[in-house]
Amino acid sequence: MKFIIVFVALFALAVAAPPSKSEEAVVLRLESDVGPESFKYGWETSDGQSADAEGQLKNIGTEEEAISVKGSYRFVGDDGVTYEVTYIADENGFQPQGAHLPVAPEA
């Protein structure tokens, strides 16, 4: 009788366990548009991850030619919280923003 109770308890735990991290995510959305002077892409997976970005060349044909990118990405952390980062990346560097990111004090 004890064996049956233990077996049923272990079976219930196995059934109630969250899915393993080894399960593969499914792509729900995938978009891409790449041109000679700009690009735009976006993707989303079934495990809560996503990213979107668009970029454009600036000052084409000059010594100051650069690419400017605006975008965001989202993921679910090991703690189960969904984190989102929006960013700008240009001649001034990578500038991320997110509720979970520390903010530098005013200089």
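Only the coordinates and a few stated rules stand behind these numbers; no lab work does. Note that this is a predicted model, so its numbers are computed, not measured.
Please work out how much length the chain gains when fully extended from I60 to V26, using 0.36 nm per residue of separation minus the C-alpha to C-alpha distance, in nm with one decimal. Spell out each step's value before the answer.
Details: separation 34, 0.36 × 34 = 12.24 nm, distance 3.84 nm.
Stretched out fully, the I60 to V26 stretch lengthens by 8.4 nm.
Does segment 40-107 come out rounded, prolate or oblate, given a ≥ b ≥ c as the square roots of the eigenvalues of its C-alpha gyration tensor, rounded meaning a/c under 1.5 and, failing that, prolate meaning a/b above b/c?
oblate
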